[in-house]
Amino acid sequence: MSDAWRWEYDPDEAHVVAGLPSHVLGEVERLAHELVDLADLGVDVTDIGKGPQPGVPGGLRRLGIGGDGWLYFLAMPRLRLLVVTRVIPPFEDL
């Protein structure tokens with residue numbers, strides 16, 4: 001097993017980002033790669049974005065994309081895994 005962090009969609013890419021414009025998909029994947037890079041550098045990614053309790057790390061996190069869109073992700077340090085669970089595109093891309 002590798003010590004490197006990785007990311008994936010849950011339950012799968014088709015369910016999470018199907019039908020989204022390519023630029024939104026590109027932004028989601030860019031942010032996921034950046035979060036993985038930060039985690040590999042030792043940054044606590046469980047505290048990035050907005051979580052269920054303000055100021056408390058952990059849980060499902062919300063991170064803004066493209067102005068008024070966002071994605072939900074869950075960081076799992078024990079598995080060294082970041083899971084993107086839902087993407088809400090910016091209003092102009094709905």
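Since every read-out is calculated from the coordinates, none of them should be taken as a lab result. All of these numbers come straight from a predicted model, not from anything done at the bench. As a convention, Cβ positions derive from the backbone with ideal geometry for all residues, glycine included, and neighbour counts pool all protein chains shown.
Loop-resident trypsin sites (Lys or Arg not before Pro) (DSSP state other than H, G, I, E or B) in segment 50-94 with no more than 12 further Cβ atoms inside 10 Å of their Cβ: Arg78. With both bridge residues required to lie in the chain, what share of the DSSP beta bridges run antiparallel, to the nearest 5%? Expressed as a percentage, antiparallel bridges in the chain total about 75.
Ordering Thr85, Thr46 from the fewest to the most neighbouring beta carbons within 10 Å gives Thr85, Thr46. Relative to the 2.2 N^0.38 Å rule of thumb, the chain has a C-alpha radius of gyration ratio of 1.05. When Glu13, Glu27, Glu92 are arranged by Cβ crowding within 10 Å, least crowded first, meaning fewest neighbours, the order is Glu92, Glu13, Glu27.
Cα centroids of segment 61-93 and segment 4-49: 7 Å apart.
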